[in-house]
Amino acid sequence: MRSAVILAGGNSLRLGAEKSLLEFDDKPLICWTVKILSQATDEVIIVARDCRHAESLERIIFESNADAGSEPPPKAFFTWDSIPGFGPVAGLEAGMRRARGRLVFATGCDLPFLKLEVIDRLFELADVMEGYEAAVPVQPNGFFEPLHSVYDREKMQSACIRALEKGERRIHVPLQELCVNPVSVDQLRPLDPDLLSFFNLNTREDQETARALWQDRRQKGSPSSI
């Protein structure tokens with residue numbers, strides 16, 4: 001069984017708007033993210049800030065699907081950060097605790113061009129038979145992409161708990177406890193030549209660029225994650 005965890009509880013201070021609710025083709029980004037991950041996994045866990053935020057996101061996703069004439073994704077479940085406002089380590093711990101799959105793809109709610117083939121490949125590369133407990137893409141500058149990665153659920157949850165107990169907010173702290181398969185992004189280029197899978201939304205400029213790319217891909221008939 002494969003699971004996915006979407007961290008949707010961030011405050012989006014730099015962007016000035018809730019990332020998960022940014023609209024593409026008149027639909028909140030969180031809805032597109034749930035759609036692509038529902039194709040890649042057996043369940044999708046959305047981690048909100050708190051109970052009220054989880055209820056709001058659930059309602060938004062339900063209404064979006066209703067407007068489109070389809071049922072809500074049956075594989076979408078909701079939870080919230082184990083420590084409010086603590087950041088991605090708390091979100092990952094909550095998501096891993098709620099998930100049921102042995103392997104979990106973890107991502108943020110601000111990547112509009114997630115690609116099914118790349119996600120599948122990362123699941124393959126988190127191969128327990130090779131002794132790995134995670135498959136984490138690495139950029140040419142050495143920057144890890146911990147929120148576009150596949151983790152052994154039990155190992156990552158335990159590592160996050162220990163980080164929280166120490167008051168560690170940095171996501172690379174629990175990552176250091178795992179046996180990681182560092183996946184050069186160049187290995188993923190055959191599946192995603194422009195590596196748009198890793199394009200995230202941090203600023204208004206990013207938002208405008210993403211919308212232009214989205215429309216361009218629409219016009220070319222290759223809307224990526226749709």
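Restricted to region 141-198, and to residues there that are of a type in the set (Val, Ile, Thr) and within 22 Å of Val44 (Cα to Cα), the residue that is surrounded by the fewest Cβ atoms within 10 Å (Cβ to Cβ) is Ile161. Scanning region 41-53 for residues that are under 17 Å from Ala99 (Cβ atoms) and either without any contact (Cβ under 8 Å) to a residue 24 or more places away in the chain or out of contact with any Lys or Arg (no Cβ under 7 Å at 6 or more places or on another chain) (or both) yields Ile46, Val47, Ala48. Taking the numbered list (1) within 21 Å of Val89 (Cα to Cα); (2) part of a loop (DSSP other than H, G, I, E, B) in turn, Asp192 passes all entries but (1). The number of residues in region 127-152 being under 22 Å from Asp110 (Cα atoms) and either in contact with a strand residue (DSSP E or B) (Cβ under 9 Å, 6 or more places away or on another chain) or part of a strand (DSSP E or B) (or both) comes to 15. Name, by its number, the condition in (1) more than 29 Å from Pro84 (Cβ to Cβ); (2) modelled with pLDDT of 95 or more; (3) not basic (Lys, Arg) that does not hold for Asp127. With (1) more than 29 Å from Pro84 (Cβ to Cβ); (2) modelled with pLDDT of 95 or more; (3) not basic (Lys, Arg) applied to Asp127, the lone miss is (2). Of everything in region 54-65 that is farther than 19 Å from Ala99 by Cβ and not aliphatic (A, V, I, L, M), the residue that is surrounded by the fewest Cβ atoms within 10 Å (Cβ to Cβ) is Arg59.
Of the residues making up region 26-48, at least one is within 17 Å of Ile171 (Cα to Cα), within 15 Å of the chain's Cα centre (by Cα) and at pLDDT 90 or above. Taking every residue in region 192-216 that is on the phi > 0 side of the Ramachandran plot and of a type in the set (Ser, Thr, Tyr) and pairing it with any residue that is surrounded by 19 or more Cβ atoms within 10 Å (Cβ to Cβ) and part of a helix (DSSP H, G or I), at least 6 positions away or on another chain, yields no pair with a Cβ-Cβ distance below 6 Å.
The values are calculated or read from the model by the stated rules, or taken from the named source; none is laboratory data. All of these numbers come straight from a predicted model, not from anything done at the bench. So basically every Cβ, Gly included, is an ideal-geometry build from the backbone, and we count neighbours across all protein chains shown.
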